[in-house]
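Notes for the one structure printed next.
Since every read-out is calculated from the coordinates, none of them should be taken as a lab result. Worth saying up front: this structure is predicted, and the values here are computed from it rather than measured. Cβ coordinates were reconstructed from backbone atoms using ideal geometry, including for glycine residues, and neighbour counts include every protein chain displayed.
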């Protein structure tokens, strides 16, 4: 009971002094932030800012150098089934011999555990989630027949299959058609209204204000985290994208090369 | 052995062990092969089998120290297999180390381990040749494989192994599929991806170790990959792919043994002195590779042949549509001679004649007594549709993609043959059913589409 209460009052995600290194070069520096439940969160920052790395680190896919991460007041290992991840669609081989529905059903593998097969109900659920994304007609198709937008849609259908509370999506709007983008953002907003928390790595600064109600601006260190109207300001954007960053970038590259022993 | 038929391969006390043994070994290898093929690590089999070679020799050497004679085959085989297992794992570990610690790229690490281990193996082998001459003969069987001397014990060993492999794959089907397809996601679900990657490597190592007794170190990797590649040509379903690969593998195993026995017999009958002996292992690999080649060429959906046919038929359709367009543009009712038409096409007159003959059979074109061609009513509406698609596409490029009006023709020449009815409808809606193209030519109305489609049906 105490645990339930703890979960009920907790932030959807709280990160405390998180640092991530690749080899010896730092990628994320000392990030601390909290995000309340029921928010649609845009993770924004220039290329190489560590947005995808942040996602992988908080999911425990790569091990951070230091720091503490909690979802709904619990460490990730305890609440894995409540966290759904949508990787970049380029990270898989779309020639793999499975159908759309078989890909979506993977979403319940975590819940099923080893040695158990999805039931008829699970297959039906997969079909329903495909329908939510306008992809039911493609259920029996091979995944290699899909366009970029359709690939993204079925990836999202797979994450819905997990029936999670927190969703982490890595660039779901990259390289997809306008129609798919509309379908997806409307669905995400609906999910937010149902109390889910959704994190989205996002590139297009123009649509940030329309899409998200919470923003997390990042460039290796945290620049801002809070409601969009407070955080998504020129000052912060200049910090993340601006020219005054070039010097830092150059010094950083030097340090990277020195650490790797490329220059003396 | 004169009246050997197919069944005697499964009943004859001498033949049945190599036959069934090879088939079971191939079954195991092809199932595992599907995993590594989809994992895009086809070379791993090659590396592991070569890495096993020094182990085989060291094992044999050790057997020599324990003064095990060449006649005690079971013990000898055990020493060789354990040696092979150890050096294979050592090779795997070295690859892992090179990639993770020294940041060597995967292909370089694989090459390095393959050649180093095989080199060490050959060096020791040349030493063994003189110190343990009788054992060396045994060692050689692992280099090129020797199925003919297998006994019933092998059937049980390979049978058990094939069963174990199949059961493991079936039991962990879900997890293996997810690990290979999307490791990041699998990890996020809490799946122990490293454990399953490890399992795959153990399965491969087992299949390779057992397989080198049949086909040898040098050829083993073909047995992993060839059935998987062949199976991939026929199916888009993972489970079916496992099944087909298993079938292809077993078939290669059988046909390899069969052909080596039958052909050796055949050669013996015709020239008894030559002592020509077809080795089983290479025959199995040849059969598997040949099956693979056939599949690549003739598979019903992905095969080279069917794709060639589709390409030729598409080109034929394009020329036909271009001819209709030419006839339409030069005056829909004005007959044109063959040489008139040929001026607009980049194909020979003979080919054009064939295309025109086809169009006449479709009743799109008719020929008058002077040998000139003119459009029929249905041909006319077909031509109008092509022109419409061409001009619609031009409008789309200019208005939506900001391409200069002078540069749109080429792309439209291509797309007029590609656009489907659905895309046409979408374009029409998007562009608000335009009446003129960017060059101020009229666009034939959409109505003609229904006329032509109802004509066609």
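Within the listed set A:157, A:139, A:77, the residue fluctuating most in the Gaussian network model of chain A (springs between alpha-carbon atoms under 10 angstrom) is A:77. Dividing the radius of gyration of the alpha carbons in the stretch B:338-450 by their Kirkwood radius gives 1.02 for Rg/Rh. Think of it as helices only: each DSSP H run of n ≥ 4 in the protein assembly as shown is worth -39500 (n - 2.57), and spread over all residues that comes to -19500 deg cm²/dmol at 222 nm. A straight chain from residue B:192 to residue B:353 at 0.36 nm per residue would run longer than the Cα-Cα distance by 51.5 nm. Both radii were evaluated on the Cα set of the stretch B:66-129; the Rg over Rh quotient, with Rh as the Kirkwood radius, amounts to 1.12. As a length-normalised measure over Cα pairs under 8 Å and 6 or more apart, the relative contact order of chain B settles at 16 percent.
Averaged over peptide A:88-98, the number of partner chain Cβ atoms lying within 10 Å of each residue's Cβ comes to 4. Look at the stretch B:172-185: the mean tally of other chain Cβ atoms within 10 Å of its residues' Cβ atoms is 6. Measuring nothing but how far apart in sequence close Cα pairs (under 8 Å, 6+ apart) lie, relative to its length, the stretch B:341-391 scores a relative contact order of 20 percent.
Ranking of A:109, B:400, A:241 by neighbouring Cβ atoms within 10 Å, starting from the fewest: B:400, A:241, A:109. As a proxy for reagent exposure, B:154, B:409 were ordered by neighbouring Cβ count within 10 angstrom, fewest first; the result is B:409, B:154.
Compared with the dominant principal axis of the Cα atoms in chain B, helix B:304-329 is inclined by about 10°.
Considering the stretch A:57-122 at the alpha-carbon level, its Rg and Dmax are found to be 14.9, 43 Å. Relative protection proxy for B:177-189, A:51-63, from highest mean packing down: B:177-189, A:51-63 (other beta-carbon atoms within 10 angstrom). Measuring max minus min along each principal axis, the C-alpha atoms of chain B give extents of 98, 62, 37 Å (largest first).
For the protein assembly as shown, what is the percent of antiparallel DSSP beta bridges, rounded to the nearest 5?
Around 60 percent antiparallel, to the nearest 5.
With both labels modelled 7 Å from their Cα along Cα-to-Cβ, the residue B:314 to residue A:145 distance reads 1.7 nm. The separation of the stretch A:144-186 from the stretch B:7-48, counted between C-alpha centres, amounts to 41 Å. Mean per-residue shielding of peptide A:52-61 is 2, counting Cβ atoms of other chains within 10 Å of each Cβ.
Using a Gaussian network model of chain A in which every pair of alpha carbons under 10 angstrom is joined by a spring, one finds that among A:236, A:206, A:219 the greatest mean-square fluctuation is at A:206. Axis angle, to the nearest 10 degrees, between helix B:238-270 and the longest C-alpha principal axis of chain B: 60 degrees. Largest GNM mean-square fluctuation among A:158, A:141, A:116, using chain A with Cα springs under 10 Å: A:116. Label-to-label distance, residue B:441 versus residue B:263, with points set 7 angstrom from Cα along the beta-carbon direction: 6.1 nm.
Backbone N atoms of the stretch B:379-393 closer than 19 Å to the 7 Å Cα→Cβ label point of residue B:405 belong to residues B:388-393. Cα centroids of the stretch B:377-422 and the stretch A:96-124: 44 Å apart. Here residue B:105 and residue A:234 are evaluated by their C-beta separation; at R0 = 30 Å the FRET efficiency comes out at 0.10.
Quick one: helix B:377-400 against the long Cα principal axis of chain B, what's the angle to the nearest 10°, folded into 0 to 90? Result, in degrees: 80.
Here the simple spin-label model places points 7 Å from the Cα toward Cβ, and for residue B:423 and residue A:177 these points are separated by 1.1 nm.
Annotation for the stretch A:14-57 versus the stretch B:353-376: alpha-carbon center distance of 69 Å. Of the two radii for chain A, the radius of gyration is 0.98 times the Kirkwood radius, both from the alpha carbons; that is the Rg over Rh value.
Calculated FRET efficiency, residue B:377 to residue A:121, Cβ-Cβ distance, R0 = 35 Å: about 0.05 to the nearest 0.05. Summarised as an ellipsoid, the stretch A:154-221 has semi-axes of 18, 15, 12 Å, derived from the eigenvalues of the Cα gyration tensor scaled by 5 and square-rooted, with the largest first. Using C-alpha pairs under 8 Å with a sequence gap of at least 6, the mean separation divided by the residue count of chain A gives a relative contact order of 26 percent.
Extent of the protein assembly as shown along its three principal axes (Cα atoms, max minus min coordinate, largest first): 94, 90, 59 Å.
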